[in-house]
Structures are given as structure tokens and as C-alpha cells.
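The values are calculated or read from the model by the stated rules, or taken from the named source; none is laboratory data. A quick note: this is a predicted structure, and the numbers were derived from the prediction, not measured. Don't worry about glycine lacking a Cβ; one is built from the backbone with ideal geometry, like all the others, and counts go over all protein chains shown.
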Amino acid sequence: AQSVTQPDIHITVSEGASLELRCNYSYGATPYLFWYVQSPGQGLQLLLKYFSGDTLVQGIKGFEAEFKRSQSSFNLRKPSVHWSDAAEYFCAVGAVTGRRALTFGSGTRLQVQP
Amino acid sequence: GAGVSQTPSNKVTEKGKYVELRCDPISGHTALYWYRQSLGQGPEFLIYFQGTGAADDSGLPNDRFFAVRPEGSVSTLKIQRTERGDSAVYLCASSSGGQGGGETQYFGPGTRLLVL
């Protein structure tokens, strides 16, 4: 069965600082990988996704993520955080064959200090 | 509308009552998903529709939960004999349905259910 681990429950960074959110997955092969962001009262919004090919994926709002097969990781990064980035971030894995449902991690809450 | 909509946005009910939660997907999307998000957790899959049929209902926790999508568009999640443990945010998502597990799922804002 597939699973996702986000080891950091809560992260605080200063505005303008760089950010890295960790995600590790368990899956029998290379899965589809996603990062979603959830702001209070809002639905989940897709930041980026990885299917195959280039392991560095660019997303919206200046985010990027790198797939590392050897580490079963898909960490999310941003070089300079803005106050509006404060939200909950979820990593998710999708199966390449069979099941269509996404499996989500438990999320990382990002707080941005002025 | 442009996105996935869900009604009501909030629902308060008493233990033992029946509730219905509605999801209106993006127009033309054939795939529809229901997830449940408990406090401090990520969304957990409940059921997936392709068209009118439930293609995967393996995430439904028990037979008190049921969902329908009779015309292949709007879906209703039905919970019978609600329990306090059913309190959560119920999320609906839709996707185009043509690309398998990798296609983007677009989420609605959710229905926050509180069972007293």
C-alpha cells in the first residue's frame, strides 16, 4: 500500500527566507507525486506535480520540488517566502496503475514571521 | 461555475441524524472523488465515481456512508445515524477522467460537519 510521510508538523520561517518542506513516500514503483496548498477556508490548490522525466518540477507561486528516487522523497522548495505563503501544505501520491485515489500526508503548517 | 462547489459549507447535526452533503463538480469532469479530512490530518479517500458508477468505494468506513451520482454530474454523500466521530471536513474533487491516476484533481472548499 502507498503511504506519504511529512515529518514536519509545523515550520516557521521569516519572510524572505528560503523554505524546504519534506515529503517521503512509499510505493512499489515511481508514483505520481503532488503538492497541494490549503489556506484557511479554502479548498486544496495544486502547486505542482511530477509524472516522469525531469526530476525538478516547477509550480505556481514560485514553488519547485525535486523528485529523488533513491531517497523516495519529493521535497518542496521556495527561495524566498512571502507572508501570503502561510498555509497548510500537503504532499500526495497517486498510483500509476489501478487506484485513482490520492494518498495524502498529514500536512505541514507553515507560519511566516514578518 | 468555474470550480467545484459544495453545499452546505457548514452542517451541524445531532448524533443519530441523517445528513446529505452535495458536490457540484467542474462542468465536463467525468471523475468525482470524496475525501474526509479530520482535524490535523490530510484528506482520506472515501469513494471515486467515473460517470454515474462508483468505481472505487474502498474508502467508505462502514455501511452508514453512501454516495450517489445519478446523472454523472452532481454527487451526494449520505451519512446515516451520524456519530460524533463523523465530525470532519468532507472534501469533493473532480477531474477530467481521461488520464488515470496522474490527472489533476480539483478540490471544492469542503463541507464542515459537526455531530453533537
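Just for region A:84-114: of the residues that are within 17 Å of B:GLN37 (Cβ to Cβ) and more than 8 Å from chain B (Cβ to nearest Cβ), which one is surrounded by the fewest Cβ atoms within 10 Å (Cβ to Cβ)?
Ranking the candidates gives A:ARG109 first.
Are any residues in region B:70-113 among the charged types (D, E, K, R) and over 11 Å from the mean Cα position of the chain (by Cα), and if so, which ones?
Those that are among the charged types (D, E, K, R) and over 11 Å from the mean Cα position of the chain (by Cα): B:GLU71, B:ARG81, B:GLU83, B:ARG84, B:ASP86, B:GLU103, B:ARG112.
Can you list the strands (runs of 3 or more DSSP E) found entirely within region A:11-114 that contain at least 2 residues being under 13 Å from the mean Cα position of the chain (by Cα) and in contact (Cβ under 8 Å) with a residue 12 or more places away in the chain?
Of the strands (runs of 3 or more DSSP E) lying wholly inside region A:11-114, those with at least 2 residues that are under 13 Å from the mean Cα position of the chain (by Cα) and in contact (Cβ under 8 Å) with a residue 12 or more places away in the chain span A:19-21, A:24-26, A:32-38, A:44-50, A:64-68, A:73-78, A:87-94, A:102-104, A:108-113.
Taking region B:90-116, which residues are hydrophobic (A, V, I, L, M, F, W, C) and surrounded by fewer than 21 Cβ atoms within 10 Å (Cβ to Cβ)?
The answer is B:LEU114, B:VAL115, B:LEU116.
Please give the number of the condition B:GLU71 fails out of (1) of a type in the set (Asp, Glu); (2) surrounded by fewer than 18 Cβ atoms within 10 Å (Cβ to Cβ); (3) modelled with pLDDT of 95 or more.
(3)
From A:LEU33, A:LEU46, which residue is touching a Ser or Thr at 6+ places or on another chain (Cβ under 6 Å), within 14 Å of another protein chain (Cβ to nearest Cβ) and of a type in the set (A, V, I, L, M)?
Working: A:LEU33 fails: touching a Ser or Thr at 6+ places or on another chain (Cβ under 6 Å).
Only one candidate qualifies: A:LEU46.
Quick check on region A:10-23. Is at least one of its residues touching a Lys or Arg at 6+ places or on another chain (Cβ under 6 Å) and surrounded by fewer than 16 Cβ atoms within 10 Å (Cβ to Cβ)?
yes
Just give me the residues in region A:67-83 being surrounded by fewer than 17 Cβ atoms within 10 Å (Cβ to Cβ) and either in contact with a Pro (Cβ under 6 Å, 6 or more places away or on another chain) or farther than 14 Å from A:THR30 by Cβ (or both), in sequence order.
Across region A:67-83, the qualifying residues are A:ARG77, A:PRO79, A:SER80, A:HIS82, A:TRP83.
Can you name the strands (runs of 3 or more DSSP E) wholly within region B:6-116 that have at least 3 residues being in contact (Cβ under 8 Å) with a residue 24 or more places away in the chain, over 18 Å from A:GLN45 (Cα atoms) and more than 13 Å from chain A (Cβ to nearest Cβ)?
Per the criteria, B:10-13, B:19-24, B:75-79, B:111-115.
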